[in-house]
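The values are calculated or read from the model by the stated rules, or taken from the named source; none is laboratory data. As the structure is a computational prediction, the values presented were derived from the model and not from experiment. Counting neighbours? That spans all protein chains shown, and the Cβs are built from the backbone with ideal geometry, glycine included.
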Amino acid sequence: MASFFTDLAPNVIFNSDPTAVIDFMKSHKLLADSCNCTCCTKPMELVARPTTSDGFGWRCTNQRCQKRHTYRTIRTGSFFEKSKVTLNKWLYAIYLWSQESKVNTVVKQVDIGEKTVIQMYQYLRDVCSTKLLNTPIELGGPGVVVQIDESLFNHKSKYNRGRRPKKELWVFGLADTSFKPAITYMELVEKRDAATLLPIIEKAVKPGTIIYSDQWKAYCNIQTELKLQHATVNHSVNFVDPETGVHTQAIELYWAKAKYKFKVMKGVSSDLLPNYLDERMWRDRWGSSKDNTFTNILAHISEQYPV
């Protein structure tokens, strides 16, 4: 069904008859295919409403109903219900988000204000976060190597001139190397001690997993406390242990890619960082291609906003 949007130039769809966009959204269960009157419970009729942004609305035509001729928006109960952005602009913006387009690209191509686009992108990240919450990640398994590491996603100011230093934002990550590229789980952490990190490992990996890490002190009891095989590399000497071959290059590569993305965005606030991490993990799992990303975000919106 996504071919409706991906096989044609997006601007063609953007400027097409609103009926085509509504039909597309119905086919993906983003809009209800039917609606009953809240008064008489009889099916309402979808009729043209040229004065509204969507061009259509549900109307009760039951002559015996006290609320006959009352209209309801076609967005009732949907992801788009509280938004004033037109449906064709919404669909175009979701498509561009699936292509990892920047906010200013959407502003120019879809003709929406910057603050509105930022909010729309936040709504989509919320969908990603909810999907991850409802589908807990499980990495590794018997004989599978999972690399772990912590990384600082910002740095304290070099000089403290009239400003308080920024809070350090440490992210703990686990990379399942049985996937190419590795599937990763990330979590913002307040501390990097064993009491914080070991429960995350226990939550995210399957029994029988082999853990590779550097020699950070918080990891020293992984084998005894979690009953997982654990091998380390001394990064002060080698990036790859010459005798065992142990390394953490997969998770380090992931850090580099994630940080580059945030650098392009000119940084991310501490409050929003967990949401952006969720988006990255969501794309890892459900965005193997840009077409898949578009199809899957529509599917997950429909899951979370059943109509």
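Of the residues in the range 227-263, how many are part of a helix (DSSP H, G or I) and farther than 17 Å from Gly173 by Cβ?
Qualifying residue count, the range 227-263: 1.
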Q: Go through (1) within 28 Å of Gln109 (Cβ to Cβ); (2) of a type in the set (A, V, I, L, M); (3) not in a loop (DSSP other than H, G, I, E, B) one by one and return the number of the condition Leu46 breaks.
A: (1)
Q: Looking for whichever is surrounded by fewer than 17 Cβ atoms within 10 Å (Cβ to Cβ), within 24 Å of Thr105 (Cα to Cα) and not hydrophobic (A, V, I, L, M, F, W, C) here; the options are Asn292, Asn238, Asn296. Which one fits?
A: Asn292
Q | Pick from the range 167-183, criterion among the hydrophobic types (A, V, I, L, M, F, W, C), over 19 Å from the mean Cα position of the chain (by Cα) and part of a loop (DSSP other than H, G, I, E, B), ranking: nearest to Gly140 (Cα to Cα) | A | Phe179
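Is it fair to say Ser78 is without any contact (Cβ under 8 Å) to a residue 12 or more places away in the chain and either surrounded by 15 or more Cβ atoms within 10 Å (Cβ to Cβ) or in contact with a Pro (Cβ under 9 Å, 6 or more places away or on another chain) (or both)? Walk me through it before giving the result.
Numbers: without any contact (Cβ under 8 Å) to a residue 12 or more places away in the chain: no; either surrounded by 15 or more Cβ atoms within 10 Å (Cβ to Cβ) or in contact with a Pro (Cβ under 9 Å, 6 or more places away or on another chain) (or both): yes.
For Ser78, the condition - without any contact (Cβ under 8 Å) to a residue 12 or more places away in the chain and either surrounded by 15 or more Cβ atoms within 10 Å (Cβ to Cβ) or in contact with a Pro (Cβ under 9 Å, 6 or more places away or on another chain) (or both) - is not met.
Name the residue that is farthest from Pro306 (Cα to Cα), counting only residues in the range 29-41 that are in contact with a Lys or Arg (Cβ under 9 Å, 6 or more places away or on another chain) and surrounded by 14 or more Cβ atoms within 10 Å (Cβ to Cβ).
Cys40
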(Q) When you check Met186 against the structure, is it over 17 Å from Met281 (Cβ atoms) and not in a loop (DSSP other than H, G, I, E, B), yes or no? (A) no
Q. If you check Ala182 against the conditions, is it surrounded by fewer than 23 Cβ atoms within 10 Å (Cβ to Cβ) and either in contact with an Asp or Glu (Cβ under 6 Å, 6 or more places away or on another chain) or closer than 20 Å to Gln249 by Cβ (or both)?
A. yes
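One line per residue, one yes/no per condition, for (1) within 34 Å of the chain's Cα centre (by Cα); (2) assigned to a strand (DSSP E or B):
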residue	(1), (2)
Leu30	yes, no
Cys40	no, no
Gly57	yes, yes
Arg64	no, no
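Looking at the range 76-111, which of its residues are aliphatic (A, V, I, L, M) and farther than 27 Å from Ala258 by Cβ?
Applying the first criterion (aliphatic (A, V, I, L, M)) to the range 76-111 yields 85, 87, 91, 93-94, 96, 103, 106-107, 110.
Residues satisfying the conditions are Val85, Leu87, Leu91.
Condition check: aliphatic (A, V, I, L, M), in a loop (DSSP other than H, G, I, E, B) and under 30 Å from Ser270 (Cβ atoms). Does Ile137 satisfy that? If you could, list the steps in order and put the result at the bottom.
Working: aliphatic (A, V, I, L, M): yes; in a loop (DSSP other than H, G, I, E, B): yes; under 30 Å from Ser270 (Cβ atoms): yes.
Yes, satisfied.
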Q | Qualifying residues in the range 205-226 (those that are farther than 17 Å from Val145 by Cβ and of a type in the set (A, V, I, L, M, F, W, C)) - the one farthest from the chain's Cα centre (by Cα) | A | Cys220
Q.
Here are the criteria: (1) out of contact with any helix residue (DSSP H, G or I) (no Cβ under 7 Å at 6 or more places or on another chain); (2) modelled with pLDDT of 95 or more; (3) closer than 30 Å to Pro18 by Cβ. Tell me which single one Thr196 does not satisfy.
A. (3)
Q: Kindly list the number of the only condition in (1) under 21 Å from the mean Cα position of the chain (by Cα); (2) modelled with pLDDT of 90 or more that fails for Ile148.
A: (1)
